Amino acid sequence: MAKLGNMKNTAEILKKYDFHFRKKYGQNFLVDESVLERIVKEAEIGPEDLVLEIGPGIGTMTQYLAESAGQVAAVEIDDELIPILAETLGDYDNVRVIHGDILKVDVGALVQEMNGGRPAKVVANLPYYITTPIIMQLLESRLPLKSITVMVQREVADRMQAGPGTKDYGALSLAVQYYSNPQIVANVPPNCFVPRPNVGSAVIRLTLKEEPDPKVRDEAFLFRIIRAAFNQRRKTLPNSISHDPSLGISRERVAEVLEQMGLPATIRGEALTPEQFAQLSDLLMP
Ligand code: SAM
């Protein structure tokens, strides 16, 4: 089977199977060999690795991964792609295609079965309509993962990597940085995909921390505080946090705690570091 990763071989396969792109599945296939090689390099894939690929499409990146990794598990939702993958990946005996929705697959059990529980690496050109739910589920479930190297919308990559005091800094930055160290490793223009997306893309690598940090008394409470702070982004913290009725914390109490932390009551969430959010959460917790 000819290697994919260019327009000619991709078009031939699509034609042979009379495949029509499904917008609802966020299908934009990579047709640029240098981008594919770059992703595999940045993900630091070696023969000892189990790679979990989300959404193999017609198997383009899967072929590149299979050549570098020990094993690849590729989870694809679209039933029309399953027979295509049987052909394009037929030459690789270290690839297992799983037909299903990544949000419903038991990734922990899969890694246990295929890798004896040793951490796997996630590599994917993600469907953009569910980028954030996929990443948050992988991080929050505390799965045995070393890293997550994914193609996402440039704007989402910027938000994941942003620090305090910037316009992109928000709940997503804090959540991603609580579990991992993010680094944007490549920018990818629309012409590297078919069909072309309307937005620029970037590859971001999230290297998982051994333990999430900063440490807090209650992780769920921390994220409720963070969400409240950024739901009312333009408001001061006493106003935004007291505005969330489910928290039941008064404006005065938030101002008091901020004062205890040496911060003014006029401060907004976007100015707080992750450590300051952790301290605020611990002090506000009933
Ligand atoms: N990896 C291929 C490539 O780079 O050319 C295709 C990437 S395309 C952006 C996203 C792929 O994810 C599509 O094949 C789509 O069908 C699949 N997909 C969408 N939602 C999914 C889900 N919930 N679970 C698994 N795969 C999904």
Please report, ordered by residue number, the helices (runs of 4 or more DSSP H) entirely within region 220-286 with at least 3 residues that are under 30 Å from the mean Cα position of the chain (by Cα). 237-242, 274-284
May I ask you to list the residues in region 96-105 that are within 13 Å of the ligand (Cβ to nearest atom) and either polar (S, T, N, Q) or without any contact (Cβ under 8 Å) to a residue 40 or more places away in the chain (or both)? Ile98, His99, Gly100, Asp101, Leu103, Lys104, Val105
Does Gly108 count as free of Cβ contacts under 8 Å to residues at least 24 places away in the same chain, more than 14 Å from the ligand (Cβ to nearest atom) and not charged (D, E, K, R)? no
Residues (open to solvent by 50 Å² or more (accessible area, probe 1.4 Å), in contact with a Pro (Cβ under 9 Å, 6 or more places away or on another chain) and on the phi < 0 side of the Ramachandran plot) located in region 211-255: Asp213, Glu219, Ser250, Arg251, Glu252, Arg253
On the given criteria, is Asp158 within 16 Å of the ligand (Cβ to nearest atom), touching a strand residue (DSSP E or B) at 6+ places or on another chain (Cβ under 9 Å) and either part of a loop (DSSP other than H, G, I, E, B) or of a type outside the set (Gly, Ala, Ser) (or both)? no
Sort out which residues of region 59-91 are more than 7 Å from the ligand (Cβ to nearest atom) and in a loop (DSSP other than H, G, I, E, B), and write them in order of number. Gly59, Ala69, Gly70, Leu89, Gly90, Asp91
Residue count, region 194-210, condition open to solvent by 10 Å² or more (accessible area, probe 1.4 Å) and not in a loop (DSSP other than H, G, I, E, B), comes to 4
For residues in region 131-174 being basic (Lys, Arg) and touching a Gly at 6+ places or on another chain (Cβ under 7 Å), which is surrounded by the most Cβ atoms within 10 Å (Cβ to Cβ)? Arg159
Per-region count, region 49-58, residues within 12 Å of the ligand (Cβ to nearest atom) and part of a loop (DSSP other than H, G, I, E, B): 4
Kindly provide the set of residues from region 115-130 that are open to solvent by 30 Å² or more (accessible area, probe 1.4 Å) and more than 10 Å from the ligand (Cβ to nearest atom), ordered by number. Gly116, Arg118, Pro119
The listed residue being polar (S, T, N, Q) and within 30 Å of Arg38 (Cα to Cα), out of Asn198, Asn231, Asn239: Asn198
Answer yes or no: is there a residue in region 39-48 that is near the ligand (Cβ under 8 Å from one of its atoms) and in a loop (DSSP other than H, G, I, E, B). no
Any idea how many residues of region 54-81 are open to solvent by less than 50 Å² (accessible area, probe 1.4 Å) and either hydrophobic (A, V, I, L, M, F, W, C) or free of Cβ contacts under 8 Å to residues at least 40 places away in the same chain (or both)? 15
Being under 26 Å from Ala157 (Cα atoms) and either modelled with pLDDT of 95 or more or in contact with an Asp or Glu (Cβ under 6 Å, 6 or more places away or on another chain) (or both) narrows Thr62, Thr88 down to just Thr62
Suppose we filter region 99-127 for residues that are within 22 Å of Arg205 (Cα to Cα) and of a type in the set (Lys, Arg); how many remain? 2
A careful count of residues in region 1-20 that are more than 23 Å from the chain's Cα centre (by Cα) and assigned to a loop (DSSP other than H, G, I, E, B) gives 9
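The values are calculated or read from the model by the stated rules, or taken from the named source; none is laboratory data. Remember, it's a predicted structure, so these values are computed and weren't measured experimentally. In this analysis, Cβ positions are derived from the backbone assuming ideal geometry, glycine residues included, and neighbour counts consider all displayed protein chains. Only protein heavy atoms, including side chains, enter the accessible area calculation; ligands, DNA and RNA are left aside. Shrake-Rupley method; radii C 1.70, N 1.55, O 1.52, S 1.80 Å.
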